[in-house]
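Visitor: Have a look at this one.
Where a number appears in this text, it was derived from the coordinates with a stated rule and is not lab data. It should be emphasised that the depicted structure is a prediction, and the values quoted were computed from it without experimental measurement. No Cβ is skipped: glycine too gets one built from the backbone with ideal geometry, and neighbour counts run over all protein chains shown.
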Amino acid sequence: MRYTEYLLPTLKETPSDAEVVSHQLMLRAGMIRKLAAGIYNYLPLGLRSIRKVEKIIREEMDRAGAIELLMPMVVPAELWEESGRWDHYGKELLRFSDRKDSPFCLGPTHEEVITDLVRNTVRSYRQLPLNLYQIQGKFRDEIRPRFGLMRGREFIMKDAYSFDLDEAGADVAYEKMYQAYRRIFERCGLKFRAVEADTGNIGGSSSHEFMVLAASGEDAIVSCGQCEYAANIEKAEVALAENRTPEPAADMVKVSTPGCKSINDVSSFLDISPECVVKTLIVQTDAGETLAVLLQGSHELNDIKLCRFLGCNEVTLATDEVVSKVAGVLPGYVGPVGLPLRIIADHAVRGMSDFAVGANESDMHCVGVNLGRDFDVECFADLRSAEAGDICPRCGGVLEIWRGIEVGHVFKLGTKYSSALKATVLDDNGQDRVLFMGCYGIGVGRTVAAAIEQNHDENGIIFPLPIAPFHVLVTVVNPREEEVLAAAEKIYTELQDLGVEVLLDDRDERPGSKFKDADLIGIPLRLTVGARGLKENAVELQERAAGDRRMIPLAEVSALVRDMVVTACGF
């Protein structure tokens, strides 16, 4: 492709509404343009990268035995009503009516559609196992779309759905997809972690998120430096320390702590560490229960873990009004001694003694407080968020905290949707069996954006070779010089004949301007053809990632570049 014949509208300035690096660089590099909030045109350069990711996905999905199809984006409400999600999904589901006033939605995900298709098509266990996938546009009416393709309203997604006769078969399908996802992101040239995750709105028994590691990532993830354990912060387990409740060494004493509501204020005033304070949180569940949760002062409550332990869908901190009613004092001075509520505690509290707590009186705390002697706890559980330095629950190693961008998610759905939609097959005894399902999604555009978040510098994008829009950029220093242009054209043609994707920068622009654009769009390999190099029968090869520059003989350059591309991309 010739630059002079291509649509590649680069920008010198960063648009003011672009907050994150990938959004800024995709706009500046001419990859996308905004049409409406969270809705983008994919320009040729951006679309090429997206198609590269799609190609890798298709190859690995096919290799894993999945079959591609395409489902409608417009979905009738009756299917969502049948699954029970029509009234519960939320405002992200864009609903509308057709000319006959029949209700529809734009599909944000396709569990209902694929289950309806299978229940009306698959009749016998002999047709199983089955795994169907599509690559298609989705729409979720995000309340605050932002960050370009990272959190848009309309986006391209690969979603796959497996169907099996029993749970054992579903486990096999899940493992196949898990391994396929690892290969996909490895082939994309990304640094990532597969982390244990909460199942969220999709439901199901277990799931893994695939996180591209990037300092700008929205999500915190925990991983072990010694084994493969990794989990998102909501799911990460904290290893149960082998500790017993120490014997009390002090008497409980009430002390004045004027204006000290926070853990830091209390620990500073009492000249103790936050680890010697127990904080008491009054929470309410969506089932209407009010209870107290105890944590070591330096730890943070993990709402997801608490919900899972209590068997509820949501917990919230009680309002000041509720806290005053049940504890007789405002938050900041609440403590477990004499508190007329059910009390549960994080495991870390079990190993504490002679600690400080709120006294249930304004401007007062108690010190020298001990479990069992001064108050009782109903039960202990893993209720806090994991932190760097915690012990790995799998191998005893040390946990680290990373930032990550979710690009893929795999779920074991079980029979949640197949039961609701009555998707069954006849087994070998002629009995109806409800199908076991799994679902597996990848954000295609989000993967490209995440790659840019992970791979860039102050000058622009640094594309991994497998998903770069072009493998090589051939830059003609001065296209007005016939010898220079002819040499560049020859390299351009040779590389294309060898299957290498080439962008020929044949613009009549200053070299400095061309080099800035080259750095901005991030094509991995750059060949610079100029009169000075040609005098030595050589051209300059620069690798965008390493920044290395070397002169390559003209007779060797095409074969060398092809070998580099083959090594990185495997074609």
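Visitor: So how do Ser97, Ser362 line up by other beta-carbon neighbours within 10 Å, fewest first?
Guide: Details: Ser97 10, Ser362 15.
By the 10 Å Cβ count, ascending, the order reads Ser97, Ser362.
Visitor: Given the Cα-Cα distance of Glu81 and Ser513 and 0.36 nm per residue of separation, how much length would full extension add, in nm?
Guide: On the way: separation 432, 0.36 × 432 = 155.52 nm, distance 5.69 nm.
Length difference between fully extended and current span is 149.8 nm.
Visitor: Taking K and R as +1 and D and E as -1, what net charge do the other residues with C-beta under 9 Å from the C-beta of Tyr229 add up to? Could the numbers behind the result be given before it?
Guide: Values: positive: Arg394; negative: Glu196, Glu228, Glu237.
Around Tyr229, the surrounding residues sum to -2.
Visitor: Averaging over every viewing direction, what projected area does the convex hull of the Cα atoms of the stretch 146-201 cover, in nm²?
Guide: Details: hull surface 22.6 nm².
Its Cα hull, projected and averaged over all orientations, spans 5.7 nm².
Visitor: Would you list the P(r) distribution for the stretch 42-140, with all Cα-Cα distances sorted into 5 Å bins from 0 and each bin expressed as a whole %?
Guide: 2, 10, 18, 17, 18, 14, 12, 7, 1, 0
Visitor: Label point 7 Å out from Ile67 along Cα-to-Cβ: which residues of the stretch 121-156 have amide N under 15 Å?
Guide: Answer for this model: 121-134.
Visitor: I've got another one for you. When a footprinting reagent is the concern and you count Cβ atoms within 10 Å, what order do His88, His23 take, fewest first? Intermediate values should be presented prior to the final figure.
Guide: Values: His88 11, His23 26.
By the 10 Å Cβ count, ascending: His88, His23.
Visitor: Would you mind ranking Lys416, Lys422 so that the residue whose beta carbon has the fewest other beta carbons within 10 Å leads the list?
Guide: With the sparsest Cβ surroundings first, the list reads Lys422, Lys416.
Visitor: Return the aspartates and glutamates within reach of Lys535: Cα separation strictly under 19 angstrom, same-chain partners fewer than 8 residues apart disregarded; answer none if there are no such residues.
Guide: Within the straight-line cut-off, Lys535 pairs with Glu481, Glu482, Glu483, Glu489, Glu556.
Visitor: Going by alpha carbons, how many degrees (0 to 90, nearest 10) lie between the helix axis of 482-497 and the longest principal axis of the chain?
Guide: Helix 482-497 sits roughly 60 degrees off the main axis of the chain.
Visitor: Taking the 0 to 90 degree range and rounding to the nearest ten, how far is the long axis of helix 167-187 tilted relative to the main principal axis of the chain, both from C-alpha atoms?
Guide: Here the helix axis deviates by roughly 50 degrees.
Visitor: Still on this model: In the chain, if the dipole is taken from +1 on Lys/Arg beta carbons and -1 on Asp/Glu beta carbons about the Cα centre, which of Cys392, Pro464, Tyr178 is farthest to the positive end?
Guide: Checking the options against the dipole of the chain, the answer is Pro464.
Visitor: If the stretch 470-569 were replaced by its equivalent ellipsoid, with semi-axes equal to the square roots of 5 times the Cα gyration tensor eigenvalues, what would those be, largest first, whole Å? Don't jump to the answer; show the numbers that get you there.
Guide: On the way: eigenvalues 69, 50, 31 Å².
So the equivalent ellipsoid measures 19, 16, 12 Å along its semi-axes.
Visitor: Same structure again: Once the dipole of the stretch 428-571 is set up with Lys and Arg at +1 and Asp and Glu at -1 on Cβ about the Cα centre, which of Phe515, Leu541, Leu495 lies farthest towards its positive end?
Guide: Phe515
Visitor: How many angstrom lie between the C-alpha centres of the stretch 1-39 and the stretch 310-365?
Guide: 51
Visitor: Can you give the % of DSSP beta bridges in the stretch 470-569 that are antiparallel, to the nearest 5?
Guide: Numbers: 9 of 18 bridges.
So the antiparallel bridges in the stretch 470-569 amount to around 50 percent.
Visitor: By how many degrees, 0 to 90 and rounded to 10, does the Cα axis of helix 44-63 deviate from the longest principal axis of the chain?
Guide: 70
Visitor: In addition: Report the Cα centroid-to-centroid distance between the stretch 468-495 and the stretch 391-442 in angstrom, as an integer.
Guide: Comparing the Cα centres of the stretch 468-495 and the stretch 391-442, I get a distance of 50 Å.
Visitor: Starting from the 7 Å offset along Cα-to-Cβ, what nm value, one decimal, do you get for the label separation of Arg58 and Arg95?
Guide: Inter-label distance under the simple model: 3.7 nm.
Visitor: Another question, then. Give me Rg over Rh for the stretch 401-447, both radii from the alpha carbons and Rh done the Kirkwood way, two decimal places.
Guide: Result: Rg/Rh = 1.25.
Visitor: Just want to confirm a number: the relative contact order over the chain, from Cα pairs under 8 angstrom separated by 6+ residues, in percent. If you can, show how the numbers build up before the last one.
Guide: Working: 1227 pairs, mean separation 96.4, N = 571.
Relative contact order here is 17 percent.
Visitor: How much net charge surrounds Phe463 when only the other residues with a Cβ under 11 Å from the Cβ of Phe463 are counted, with Lys and Arg +1 and Asp and Glu -1? Provide the component values of the computation, followed by the final result.
Guide: On the way: positive: Arg48, Lys52, Arg544; negative: none.
Summing Lys/Arg as +1 and Asp/Glu as -1 gives +3.
Visitor: Determine which residues of the stretch 1-15 fall in the zone a paramagnetic label at Gln496 would reach in this model, i.e. backbone nitrogen under 11 Å from the point 7 Å along Cα→Cβ.
Guide: Counting only backbone N, you get 1-3.
Visitor: A follow-up question, please. Output the pairs from Lys176/Lys235; Lys91/Lys261; Lys91/Lys416; Lys279/Lys412; Lys34/Lys176 with a Cα-Cα distance over 28 Å in this structure; if there are none, say none. Let's see the in-between values first.
Guide: Values: Lys176/Lys235 22 Å; Lys91/Lys261 37 Å; Lys91/Lys416 22 Å; Lys279/Lys412 36 Å; Lys34/Lys176 37 Å.
Check vs 28 Å cut-off fails for Lys91/Lys261; Lys279/Lys412; Lys34/Lys176.
Visitor: Pull the list of the chain cysteines that no other Cys approaches to under 4.7 Å, Cβ to Cβ.
Guide: That list is Cys105, Cys188, Cys260, Cys276, Cys307, Cys312, Cys366, Cys379, Cys439, Cys569.
Visitor: Could you work out Rg/(2.2 N^0.38 Å) for the stretch 223-373, with Rg from alpha carbons only?
Guide: Values: Rg = 16.0 Å, N = 151, 2.2 N^0.38 = 14.8 Å.
Here the answer is 1.08, to two decimals.
Visitor: I've got another one for you. Of Ser207, Thr567, Cys307, which is farthest on the positive side of the dipole of the chain, counting Cα position, with +1 on Lys and Arg Cβ, -1 on Asp and Glu Cβ, and the Cα centre as origin?
Guide: Thr567
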